[in-house]
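Everything below concerns the one structure shown next.
Throughout, read-outs are computed from the coordinates displayed, never taken from laboratory work. Everything numeric in this text was worked out from a predicted model, so none of it was measured. Here the Cβ positions follow ideal geometry from the backbone for every residue, glycine too, while neighbour counts run over all protein chains shown.
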Amino acid sequence: AQSVTQPDIHITVSEGASLELRCNYSYGATPYLFWYVQSPGQGLQLLLKYFSGDTLVQGIKGFEAEFKRSQSSFNLRKPSVHWSDAAEYFCAVASDTGRRALTFGSGTRLQVQP
Amino acid sequence: NAGVTQTPKFQVLKTGQSMTLQCAQDMNHNSMYWYRQDPGMGLRLIYYSASEGTTDKGEVPNGYNVSRLNKREFSLRLESAAPSQTSVYFCASSEQENTEAFFGQGTRLTVV
């Protein structure tokens with residue numbers, strides 16, 4: 001079965017600084033990969049997804065992520081963080097066989113300092 | 001455009017009580033899901049329905065039952081609530097199983 005690891009529970013960055021959130025997955029074949037964001041008291045919103053093709057994917061709100069098969073990683077990046085980016089971020093993976101529902105990581109909480 | 005609608009938004013139950021969480025989607029999606037979210041554990045899949053007429057267990061199905069009432073609606077039932085079921089419950093839907101999932105706003109359930 002697939003699994004997802006987000007090694008950083010909590011990250012603090014200064015407004016305007018760059019951001020990278022780590023995500024490692026475990027899955028034998030090519031996975032379908034997702035990043036979601038959750039603001040306090042809200043549901044989850046999709047930032048971006050990777051199914052195939054170009055390994056660098058662009059998402060909403062200026063986020064991007066790069067799929068690296070050799071490292072089993074799908075890290076989320078943003079060049080310049082805004083205070084409104086403070087939220088919890090979840091990486092998720094889905095397979096194309098068996099149970100194909102999304103499996104989520106434990107999340108990374110982002111705090112943005114002024 | 002409502003998307004995924006969950007009711008209720010908040011609920012407090014006593015141990016042993018039963019309740020049903022309701023979920024409806026208006027996007028004509030085939031697949032629907034119930035997840036629970038607990039601090040430090042991300043979202044864990046309780047049950048899912050790949051298509052109308054089918055339901056399957058996820059990672060943490062014990063203590064729960066589901067019904068895919070029709071293509072739009074997917075309910076989650078707690079027959080005898082336990083404090084360990086205190087959590088935030090999210091319903092989601094997607095066009096197919098492994099495509100982008102759209103989430104409801106969640107139900108915060110407390111079992112005392």
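Between B:GLU59 and B:MET19, the distance separating the two model label sites (each 7 Å from Cα on the Cα→Cβ line) works out to 2.4 nm. Centre-to-centre separation between the Cα atoms of region B:95-112 and those of region B:32-81: 9 Å. The magnitude of the dipole of chain B, with charges of +1 and -1 set on the Cβ of Lys/Arg and Asp/Glu and taken from the Cα centre, is near 400 debye. Going Cα to Cα from B:LYS14, which aspartates and glutamates come in below 15 Å? Please leave out same-chain ones fewer than 8 positions away. Result set, ordered by chain and number: B:GLU79. Average projection, convex hull of the Cα set of chain B: 6.3 square nanometres. Across chain A, Cα pairs under 8 Å and at least six residues apart give a relative contact order of 38 percent.
Can you pull out the GluC sites (Glu not before Pro) in region A:1-110 whose DSSP state is coil and whose Cβ has at most 14 other Cβ atoms within 10 Å?
Details: sites: A:GLU15, A:GLU20, A:GLU64, A:GLU66, A:GLU88; in loops: A:GLU15.
Passing both the DSSP loop test and the Cβ count: A:GLU15.
Computed 3J(HN,Hα) for region B:48-63, one whole-Hz value per residue from the Karplus formula 6.51 cos²θ - 1.76 cosθ + 1.60 where θ = phi - 60°, is 9, 10, 5, 7, 3, x, 10, 9, 9, 6, x, 6, 10, x, 4, x, glycine and proline marked x.
Under 5 Å between amide hydrogens, built in the peptide plane, is the criterion, and for B:TYR47 it picks out B:TRP34, B:GLY58 among residues at least 5 positions away or on other chains. Taken about its Cα centre, the protein assembly as shown carries a charge dipole of about 380 debye when Lys and Arg each add +1 at the Cβ and Asp and Glu each add -1 at the Cβ. Legend: mean number of C-beta atoms from other chains within 10 angstrom of residue C-beta atoms, peptide B:101-111, equals 3. Cross-link check: pairs B:LYS9/B:LYS57; A:LYS49/B:LYS71; A:LYS49/B:LYS9; A:LYS68/B:LYS9 evaluated at a Cα-Cα cut-off of 30 Å; pairs beyond the cut-off: A:LYS68/B:LYS9.
Please give the net charge around B:SER87, taking every other residue with its beta carbon less than 11 angstrom from that of B:SER87, where Lys and Arg add +1 and Asp and Glu add -1. Intermediate results must be reported in sequence, preceding the final value.
Details: positive: B:ARG36, B:ARG44, B:ARG108; negative: B:ASP38.
Around B:SER87, the charge tally is +2.
Give me the percent relative contact order of chain B, please, defined on Cα pairs under 8 angstrom at least 6 residues apart. Each step should come with its number before you reach the end.
Numbers: 296 pairs, mean separation 40.2, N = 112.
Rounded, it is 36 percent for chain B.
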